[in-house]
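Beneath this line is the structure, given in structure tokens, with notes to follow.
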Amino acid sequence: MNTQLKKGILELCVLAVLDKKDCYGYELVNEISKDIEISDGTIYPILRRLSKEGYFTTYLQESTEGPPRKYYRLTELGKETREKLTDEWENFVEKVDNILKEADIDE
Amino acid sequence: MSKKGEFMDALRHYLSDFGNGEREEILYDYEEHFRIGMESGKTEDELIKELGSPKDIAAQYRNADENVITNSKVNSNHSTIGSVGIFIALVFFNLVFVLGIYLGILGALIGMCCAAIGVSVAGIAVSVCIILRPIIPENVVIPSGIPDISVFFVGIGTTALGILFCIGMFYLVKYFMVVTVKYVKWNIKTIKGE
């Protein structure tokens, strides 16, 4: 799948997962890579950039299994952006579907 | 050295052009990833394979950096104190040493631009006056010991000189602006510790 497209979609996925609940890095990476085929290493840069742009806040939480873990939480801006991107995605899928259907009929 | 150690070293190496604070923050995420991954039973080899190439990863951080529109407000808690120190030092340095010299040069440039314009105008004025000699009132002084035509050409020559001067000043000022912007950017970069 085209990398630019994947990147945009990955951002949406990250926002969507965090919208449901706060996650720590490893957890988030697993959630996404179990469905979409990408190198785990590509997610951390996205997390960092979206964090810098104000879509999440981070906090440390004590863990029973070791040192505290860094959790990500969606901000208001993050929530709004997630809704916006979801709309764009659904729109996009609908349009592509239309084109494909028309192309099919023409054959 | 362990495979994980090799991976982290490679990543650190590909991120060597990043600021120290930023690089350590990035590496911490991967340290944590390895730790939690191994706690949940994965091997180093598996984790390394899943993470992908350190070079690609570094490239993505670099790429992302250029896309950040707003500056990092949230994260850099490590490098803040260092940044403040550098900021104060730079302000002090700039005020004491740089400002005086900069204003001096700026003043000189302004003066030279005025001179360039002045020369051009003067040349035009002389040539025009010679042409218009018949209709110029008594109290305007025009050189009379030299043939009119010579004065006319002197005027044109002076104007040409003035215009060349102006063109030269244009490039000089442009260069000066570029240097100023670069210096300001360098200051900002240094404060942020990149």
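Residues whose amide H comes within less than 5 Å of that of A:TYR71, counting only those at least five positions distant or on another chain, are A:TYR59, A:LEU60, A:GLN61 (H built at 1.01 Å from N in the peptide plane).
Taking R0 as 41 Å, what's the FRET efficiency between B:MET1 and A:LYS95 from their Cβ-Cβ distance, rounded to 0.05?
Using R0 = 41 Å, I get an efficiency of 0.20.
For region A:31-54, a decrease in accessible area of 20 Å² or greater in the assembled protein chains relative to the isolated chain, with a 1.4 Å probe, applies to A:SER39, A:ASP40, A:GLY41, A:THR42, A:TYR44, A:PRO45, A:ARG48, A:ARG49, A:SER51, A:LYS52, A:GLU53. Here the Gaussian network model covers chain A, with springs between Cα atoms less than 10 Å apart; of A:VAL93, A:VAL14, A:VAL29, A:VAL93 fluctuates the most. Solvent-accessible area of the protein assembly as shown (1.4 angstrom probe, protein heavy atoms only): carbon and sulfur portion equals 64 percent.
Working with all protein chains in place, sort B:VAL96, B:VAL91 by solvent-accessible area computed with a 1.4 Å probe, largest first.
B:VAL96, B:VAL91
Averaged over the residues of peptide B:33-39, the number of Cβ atoms from other protein chains lying within 10 Å of each residue's Cβ is 5. FRET efficiency for A:THR57 and A:LYS20, Cβ-Cβ distance as r, R0 = 22 Å, nearest 0.05? Computed FRET efficiency for A:THR57 and A:LYS20 comes out at 0.85. Taking every protein chain into account, the 1.4 Å probe leaves B:HIS13 with about 120 Å² of accessible area, to the nearest ten. In this assembly, the B-A interface accounts for approximately 2500 Å² of buried accessible surface in total, computed with a 1.4 Å probe and without ligands, DNA or RNA.
Tell me the per residue accessible area of the protein assembly as shown using a 1.4 Å probe; a whole number in Å² is fine.
63
Spin-label model, A:LYS7/A:SER33: points 7 Å from Cα along the beta carbon direction are separated by 2.0 nm.
The values are calculated or read from the model by the stated rules, or taken from the named source; none is laboratory data. Here the structure is a predicted model, which means the values were calculated and not measured. Glycine gets a Cβ as well: all are built from the backbone with ideal geometry, and neighbour counts include every protein chain shown. What goes into the accessible areas is simple: the full protein's heavy atoms, side chains included, and nothing from ligands, DNA or RNA. Shrake-Rupley method; radii C 1.70, N 1.55, O 1.52, S 1.80 Å.
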